[in-house]
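First comes the structure, then the notes that go with it.
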Amino acid sequence: MNYAEFLASKRILSEPCGFEVAESDINPMLFPFQRDICRWALRGGKRAVFAHTGLGKGPIQLEWCRHVCLHTGGNTLILAPLAVSQQFKREAAKFHIAVTLCRDQSDVRPGINVTNYERMGLFDLRSFAGVAMDESSCIKDWTSKTTKDLIEQLAETPFKLCSTATPSPNDHAELGTHAELLDVMRRSAMLAMFFEHDGGETAKWSLKGHGRRPFWKFVASWAVCLLKPSDLGYDDEGFNLPPLHLQEHIVEVDQSISTDGMLFRCPDMSATGLHKEMRLTCDDRARKVAELVREKPDEQWIIWCNTNYEADAMRAALPEVVEVRGSDSQEKKESGVVQFLDGDIHWLLSKPEIFGYGLNLQCCCNMAFVGLSYSFESMFQAIRRCWRFGQAHPVNAHIIVAETEGGVLSTIRRKEAQYEELQQEMNVAMREEQLAARHKATRYDHETEMEIPEWLISQTA
């Protein structure tokens, strides 16, 4: 190994392994920044797109898959959250792209195929030339079966694309799962190189102070991150979010009902204690939601709940609401979304874990949370189903909590502030690298011959 090869072996930036596509060959219906992201992802071969909701991750994935099919002569698969596959079908029709909705491997046809993560086990993922993962934040948990299965089964896949709006809302170390799935670097190696244990908790990691810039340079070599088009130097026209009216409603409850023998209830805000308290207050919260919905009876509403007992209380308070719950068949869940999009369902009741990820529900601008969990990401994603680029109306999000459940709201606020801080850090850090790559910033060429001026030679003689 010569010295140049030795230096090359120490590079930590992801090298392109894809192919070039002329700008004229990209679908002209895409916005300029979407076209450039698509070409960049095709050139890289294995890339991630961390773009905010409504910035067109769906069209980018469809165009990426179309070119992978043309280049390889093989088939591609898009993995999406529940019911999102139906939206991919509709989106593809707008861009004149043919896709096949699949339930299992026998449904696969030449070209682009789409299915849900829930059906992933019914497919031979190794048979596809390219796989695009919509809402790839589902792989952030290193210990989950979905993450392990995807990393194992896609190990030899030549083209891979991850897309999500929230790659790592609480911990940048979670980006390691994306890096490993995209064959950039093993997660353990990434942690050892850029991170250190956070105090005495070995399960928590924080970026080394001197490693911040190299880390974001590393991430920018295989991922693009944007909150709006101007983050990549493009015009933001047409990509302005409407106002979000986040309204908190504190519901009074009968605190004389005690579960521990005390004169007044002093709820324990642990996970177990929270559920005890929420069972006691769910009827009061449901009645408040029903009151808000009936104030705007002619408008569409999404009502988010966390538990089945909240859903039961909600249906008792608002019998006209249509519920879709986890025990329903996948066909019923998909049908519920389609009917809501078409306006056949006026008031929809479900959980964020069912419909809170990936779906474009901007047909609606009113929502209510009949209850909250400690998960900020769950609430963030649920709000973003309606509050996204392309939404034409102000979005009203009502959060209903009992007066005894204030600890949940304060925890959500703290996590929101942390998320915004980390997201801003990620965006600012990567913006410089992304702009430099886009504008091809000049670098020092160490092989250029230089001549010492005569006057300098005479000075030193």
Quick one: what are the phi-derived ³J(HN,Hα) couplings along region 295-307, Karplus 6.51/-1.76/1.60 with θ = phi - 60°, whole Hz, x for glycine and proline?
6, 10, x, 8, 9, 6, 9, 10, 10, 9, 10, 10, 9
Say each of His197 and Gln247 gets a label point 7 Å from the Cα, pointing the same way as Cα to Cβ; how far apart are those two points in nm?
5.0
Residue order, fewest to most surrounding Cβ atoms within 10 angstrom, among His346, His52, His245:
His245, His346, His52
For Leu101 and His210, what does the FRET efficiency come to when R0 = 41 Å and r is the distance between their Cβ atoms, rounded to the nearest 0.05?
0.25
Charge dipole (debye, nearest 20) of region 244-414; +1 at Cβ of Lys and Arg, -1 at Cβ of Asp and Glu:
400
Could you list which residues have their amide H under 5 Å from that of Met185, counting only those 5 or more apart in sequence or on another chain, with H placed in the peptide plane?
Glu180
Charge dipole of the chain about the Cα centre (unit charges at C-beta), most positive-ward option of Asn306, Val131, Ala189:
Val131
Enumerate the calculated ³J(HN,Hα) couplings along region 29-34 in order (Karplus 6.51 cos²θ - 1.76 cosθ + 1.60, θ = phi - 60°), each rounded to whole Hz, writing x wherever the residue is Gly or Pro.
6, 6, 5, x, 5, 5
What ratio of Cα Rg to 2.2 N^0.38 Å holds for region 35-147?
1.00
Order of Glu156, Glu291 from fewest to most other C-beta atoms within 10 Å?
Glu156, Glu291
Arrange the peptides 28-36, 133-141 so that the one whose residues have, on average, the most other Cβ atoms within 10 Å appears first.
133-141, 28-36
List every residue whose amide H lies under 5 Å from the amide H of Asn113, counting only residues 5 or more places away in sequence or on a different chain, with H placed 1.01 Å from N in the peptide plane.
Thr76, Leu77, Ile78, Thr100
Charge dipole of the chain about the Cα centre (unit charges at C-beta), most positive-ward option of Gln362, Asn75, Gly343
Asn75
CD proxy, 222 nm, the chain: helix-only mean residue ellipticity via -39,500 (n - 2.57) per DSSP H run with n ≥ 4, per residue, nearest 500, stands at -12000 deg cm²/dmol
Give me the dipole magnitude in Debye, nearest 20, for the chain about the Cα centre, with unit charges on the beta carbon: positive for Lys and Arg, negative for Asp and Glu.
580
Out of residues 5 or more away from Trp205 or on other chains, whose amide H comes under 5 Å of its own, with H placed 1.01 Å from N in the peptide plane?
Asp198
Label-reachable residues, region 357-380, where backbone N falls under 18 Å from a point 7 Å from Tyr309's Cα toward its Cβ:
370-374
Among beta bridges assigned by DSSP with both residues in the chain, the antiparallel ones amount in percent, to the nearest 5, to 10
Under the Karplus relation with 6.51, -1.76 and 1.60 and θ = phi - 60°, whole-Hz ³J(HN,Hα) for region 185-190, x at Gly and Pro, equal 6, 4, 4, 4, 5, 5
Point-to-point label distance, Glu237-Arg294, nm (Cα→Cβ direction, 7 Å offset)
4.8
Percent of Cα pairs exceeding the 36 Å cut-off, where the set is the chain
35
Fewest to most Cβ atoms within 10 Å: Trp64, Trp301 sort as Trp301, Trp64
Please state, rounded to one decimal and in Å, the Kirkwood hydrodynamic radius that region 244-414 gives when every pair of distinct Cα atoms enters the mean of 1/r.
16.4
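Every number in this text was worked out from the coordinates using simple rules, so none of it is lab data. Treat the numbers as computed from the prediction; the structure is a model and nothing was measured. A quick note on method: Cβ atoms are made from the backbone with ideal geometry, for glycine too, and the neighbour counts reach across all protein chains shown.
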